[in-house]
Amino acid sequence: MTREERIAKLKALSKERILVLDGAMGTMIQGYKLTEADFRGELLKDHAYDVKGDNELISLSRPDILREIHLKYYRAGADFAETNTFSATTIAQADYHLEHLAYEMNVASARVAREAADIAESETPGRVCFVAGVLGPTNRTASISPKVNDPGFRNVDFDQLVAAYKEATRGLIEGGADTILVETIFDTLNAKAALFAVEEVFDEVGFELPIMISGTITDMSGRLLSGQTPEAFWNSVRHVKPFSIGLNCALGAKEMRPHVDTLSRIADAHVSAHPNAGLPNEMGEYDQDAGQMSGLVGEFASSGLVNIVGGCCGTTPEHIHAIAEAVKGVHPRDIPEVEPRLRLSGLEAFTAA
């Protein structure tokens, strides 16, 4: 099946049922208890800096493990595998002095996910599995100064972000991604740079992929770290006409629900939610089991709030299987007709009367 045929199938399926994203990648990788040597492989055996913990590296050094993780999620019922590229940008890889590998990480990760999708499809004839090419937020913010005593300082600018995101997007497309997922957005300006980069790459390659956007509400204030409410955030990014808009990370399903409800009411796109397995405990671990989480996410579905569901930090194939079962047979959210109005965004939304 060609990429164009898969995209057409994705759009058709989204009208028929609620689609399922996979779960946490970091949680799964940690379970393999990989060593420094595992992360290095032959490629970086002489690298002068420690690289343990650079999860994106396993796309190159241990693709067998990455393929196995993707397969576990597909077999659990996920429709999408998210590529292992959350930090596969030159900006994020600078922490490991591996900027030169960012492009290769994106290509390799998308290819491994596609290989796993092909295996899962062969195990269930007629099934179609999708690869979501992930663009993470980077470890820098264009809107906020990292120096308390210098609020005007920035350690990254828009053009630097665009350059990094363009390189990553090209790699994801070359590797076989079916969609581009800009996720865990804590700074809308970073997201705007990512979306600008993605659209420039689409112009260069001569075709487009569906764009998926997922922000993160960082605490109980109900705002992104850069200050926007969910409605203001949507107004900031709706111009790209995304396939989906949603939320992930930071919150558990219970805490995320009111914000998903807001997006469900205002967005003329599919709405997604992939929350954490509850809130972290005092040790930073996630205690919500598959049954508890699926009950909460299942209610999102039965209340008509979502089109796409999945899991973020702390979730496993068991969580995804339970979530997939909970939404099976539930009609996806109907996308509303939104009246054309002047809709602006600062920290809060403004709609002209």
(request) Confirm whether ILE91 is touching a residue at least 12 places away in the same chain (Cβ under 8 Å), farther than 30 Å from ASP157 by Cα and not in a loop (DSSP other than H, G, I, E, B). (result) no
(message) Filter the stretch 48-84 down to the residues that are outside any helix (DSSP H, G or I) and surrounded by fewer than 16 Cβ atoms within 10 Å (Cβ to Cβ) and list them by number.
(response) ALA48, TYR49, ASP50, LYS52, GLY53
(request) Return the only residue of GLY329, GLY311, GLY304, GLY246 being in contact with a helix residue (DSSP H, G or I) (Cβ under 6 Å, 6 or more places away or on another chain) and either at pLDDT 95 or above or outside any loop (DSSP other than H, G, I, E, B) (or both). (result) GLY311
(request) Could you tell me whether any residue of the stretch 173-182 is assigned to a strand (DSSP E or B), in contact with a strand residue (DSSP E or B) (Cβ under 7 Å, 6 or more places away or on another chain) and touching a residue at least 60 places away in the same chain (Cβ under 8 Å)? (result) yes
(request) Kindly check whether there is at least one residue in the stretch 335-349 that is buried (at least 20 other Cβ atoms within 10 Å of the Cβ) and not in a helix (DSSP H, G or I). (result) no
(message) Which residue is surrounded by the most Cβ atoms within 10 Å (Cβ to Cβ), if the candidates are limited to the stretch 107-132 and must be in contact with a Gly (Cβ under 7 Å, 6 or more places away or on another chain) and β-branched (Val, Ile, Thr)?
(response) VAL131
(request) Out of the residues in the stretch 159-186 that are in contact with a Pro (Cβ under 7 Å, 6 or more places away or on another chain) and surrounded by fewer than 24 Cβ atoms within 10 Å (Cβ to Cβ), state the one that is nearest to PRO242 (Cα to Cα). (result) THR179
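The values are calculated or read from the model by the stated rules, or taken from the named source; none is laboratory data. Just so it is clear, the model here is predicted, and its values are computed rather than measured. Counting neighbours? That spans all protein chains shown, and the Cβs are built from the backbone with ideal geometry, glycine included.
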